[in-house]
Each structure stands twice: as structure tokens, then as C-alpha cells.
1. Where only protein heavy atoms count, and the probe is 1.4 Å, what is the accessible area per residue for the range 37-88 in Å²?
2. Could you give me D for the range 37-88, from Stokes-Einstein at 20 °C and 1.002 mPa s, where the hydrodynamic radius is the Kirkwood radius over C-alpha pairs? Units µm² s⁻¹, please.
3. Using a 1.4 Å probe and counting only protein heavy atoms, arrange Leu57, Leu89, Leu7, Leu46 so the residue with the most accessible area comes first.
4. Given an 8 Å cut-off on Cα distances and at least 6 residues of separation, report the relative contact order of the range 37-88 as a percent.
5. Which length gain, in nm to one decimal place, applies between Tyr62 and Lys79 when the Cα-Cα distance is subtracted from 0.36 nm times their residue separation?
Amino acid sequence: SKHSVNLDNRTANVVVRPFELEMGFQFELRVTVSGRKINVSGIPELPIPKDWMRDKLELDFYKTERGGGGEIENVTYHKESGTAVITFLKPG
């Protein structure tokens, strides 16, 4: 857990300690499924950048262990209206 780091010709001794990250947010979404696209509404406005939410939605809907999901072609997220359209590569 102890390390030495060289910075600008100086050595700094550092100790690594575990820390807890504040983990995500939990919320419910309303979903409408049609062919390759899913319309998602009820996305709460969270204090995270728009692209982070888009990535979160993509990861969440990519997962297949809950009986759905698959490879994502596109995620269009509208922060102002709390909606998104997730388009999959294949229908199903």
C-alpha cells in the first residue's frame, strides 16, 4: 500500500487507502417497446452530464440477463423532457 512517486525531480511517498465512491442513482422508468426502438420516459433530471446519462441508459439496456436488451445502435436522450429513444441493431 506504500508507493514512491517521482514528480519534477522530487520523490513523494504516498499511501493507498480504500475509499467509497458515491454510487449511482436508482429510479424507475416507463418504457414503450416497438420493434427495434424503445421509448423511455420518466427519466429524472440528475446532476450528471448529458453524455453520462446517455451512456448509463445504453449500458442498462444493453444488458441481457433480465430477458431483454442487446447491441445498441443509438441512444437519443432529451434531458429537458426526461425522455430517450434507444435503437437496437436487431429487433427483438
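The values are calculated or read from the model by the stated rules, or taken from the named source; none is laboratory data. None of the values given here were measured: they were computed from a predicted structure. Each accessible area value is taken on the protein alone, full model and side chains, heavy atoms only, with ligands, DNA and RNA left out. Shrake-Rupley method; radii C 1.70, N 1.55, O 1.52, S 1.80 Å.
1. On the way: 3180 Å² over 52 residues.
Spelled out: the 1.4 Å probe surface of the range 37-88, per residue, equals 61 Å².
2. Working: Rh = 11.2 Å.
So the translational diffusion coefficient is about 192 µm²/s.
3. Details: Leu57 5, Leu89 80, Leu7 105, Leu46 30 Å².
Heavy-atom accessible area, descending, gives Leu7, Leu89, Leu46, Leu57.
4. Values: 69 pairs, mean separation 24.6, N = 52.
For the range 37-88, the relative contact order is 47 percent.
5. Numbers: separation 17, 0.36 × 17 = 6.12 nm, distance 2.02 nm.
Computed gain between Tyr62 and Lys79 is 4.1 nm.
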